[in-house]
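Read the figures in this text as sums done on the coordinates, not as results from a lab. Please read these numbers as outputs of a predicted model, since none were measured by experiment. We place every Cβ from the backbone using ideal geometry, glycine too, and count neighbours over all the protein chains shown.
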């Protein structure tokens, strides 16, 4: 097992910010919560993938095809967002409790973090045979799929104890998948998250990640950032980065 931590001085001064809670007041302009947050913390894709394999390019481009979709708040018994009689989604804001009527393009739907990963892989030609749609949303089931398909994926498990020396982090490439498990004692958070690496630095550490965040939907975010704000509904701290201090990490490398 590899023990990793990251130095706070690795995060630029520009990234050391606290997002103003006024972002929620901007909803009064008529925009849904996730669109407001996307504009505040979203990063433009680098679109510089030609030096990587076609397989990696396909995974990244397919994931980027879902940019802007909201997170699935799962209010129905099937753990899917409810549709009304017009075919529009009724989406509950996990942070404010408000319910929005969302019209999405044909074939597009709200996505949780695993939905995005599964969709991007399936669109790239991977066959993810998991029983039932909800099965795709269970972390242990998805991880078991990666383990069983050793010809396509290779898993590295490590512990991520904080912002301390990224030089020891195993090198990754765009298109690789990262799964994180939060450590409540370190970050104050529980639960887990997953996303697809969009860009890396010269040492192979992820700089940006494509992921579906509970407060922002599908978005490209920094892997590391001190940017945060407090949501209105739960009073929880929300981060604009991907890694949290103390996370346990699984790197799912794409075999080529």
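Key figures
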read-out: Full-stretch length increase - residue 101, residue 202 - with 0.36 nm per residue and alpha-carbon distance subtracted; value: 32.1 nm
read-out: Inter-site label distance for residue 44 and residue 171 at 7 Å from Cα along Cβ, in nm; value: 2.9
read-out: Residues residue 52 and residue 127, FRET efficiency given R0 of 22 Å [Cβ-Cβ distance, rounded to 0.05]; value: 0.50
read-out: Label-to-label distance, nm, for residues given as residue 154 and residue 85 (7 Å Cα→Cβ offset); value: 5.7
read-out: Residue 61 versus residue 184: modelled label distance in nm, points set 7 Å from Cα along the beta carbon direction; value: 4.4
